Every structure is written in structure tokens, then in C-alpha cells.
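**Q** Here you go, one structure.
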Amino acid sequence: AYVRKTKQTFESLRKTDSVVDFFPPGVFSFENYRWAAAILDSRSIWWEGQRHLVPMLDFINCAEGPDASRLHSTKQEGDLAVTLAPWAFEAGEQVRFSMVYY
């Protein structure tokens, strides 16, 4: 469904002269659009109806905790995005992060 929606949005934008004219020839391709959409969708959070880019948000894709039904929590605190793990870590315990590439 995500790929289909991304393709539909690209096709709609591709027919918009102001979008096509903005980019140099060959830049506005589906491959580039798909990459940009994935970056935005995986590294942003919506607060109060606005998208906020949080570039390190993909760090939360870490090892599954003791209770898989508990998810991390990200909250806005002023200009910061604060993400809390769904379980406690002991002092000196290794925290594993995995980078996710699209």
C-alpha cells in the first residue's frame, strides 16, 4: 500500500508544471522521489499537525525488548525530540542500535 501511494503521489506531482520545472532535467525521477519520501517518512514525527525532521529517529529500530508489545515513546520537549526506551537499562548494560537504510 505504501509503494502504491508513493507511486500515485509521484505520478500526480509529475504532471505539475511548477514541480517539473523546478528540477534540472532527469532529477525528478521515481527512484529519487521514492528515496526522498522514505527518508522523510522514516525520520520525521508529526506534532500539532506539522512534520518535524528527526534525522536520528531510525536509531530507535534497536533490539526487541523483554516485552515486545511495549513500544518506544517519542515526545516533544521544547525544540527537542526525546525518545524513551520501553524498558530500563542497568548501568553499564550494552544498548544496541541498528541503522536502517532505505
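**Q** Consider only pairs whose beta carbons are under 8 Å apart and that are at least six residues apart or on different chains; among these, list those whose first residue lies in segment 63-82 and is over 13 Å from Ile45 (Cβ atoms) and whose second residue is aromatic (Phe, Trp, Tyr) and surrounded by 10 or more Cβ atoms within 10 Å (Cβ to Cβ).
**A** Partner pairs satisfying both residue conditions: Gly65/Trp87; Pro66/Trp87; Asp67/Trp87; Arg70/Trp87.
**Q** Just the residues that are of a type outside the set (S, T, N, Q), open to solvent by 80 Å² or more (accessible area, probe 1.4 Å) and part of a helix (DSSP H, G or I), please, taken from segment 8-27.
**A** Across segment 8-27, the qualifying residues are Arg14, Asp17, Asp21, Phe22.
**Q** A follow-up question, please. Please state which of the following conditions Pro86 fails to meet, knowing it meets all the rest: (1) outside any loop (DSSP other than H, G, I, E, B); (2) in contact with an Asp or Glu (Cβ under 9 Å, 6 or more places away or on another chain); (3) at pLDDT below 80; (4) not aromatic (Phe, Trp, Tyr).
**A** So Pro86 meets the others, but not (1).
**Q** To continue, here is another question. I'd like to know if segment 65-78 contains one or more residues that are aliphatic (A, V, I, L, M) and modelled with pLDDT under 90.
**A** Among the residues of segment 65-78, at least one is aliphatic (A, V, I, L, M) and modelled with pLDDT under 90, which makes the answer yes.
The values are calculated or read from the model by the stated rules, or taken from the named source; none is laboratory data. Values in this document were obtained by computation on a predicted structure and should not be read as measured data. With ideal geometry, Cβ positions are generated from the backbone for all residues, glycine too; neighbour counts draw on all protein chains shown. For accessibility, only protein heavy atoms count, side chains too; no ligands or nucleic acids. Shrake-Rupley method; radii C 1.70, N 1.55, O 1.52, S 1.80 Å.
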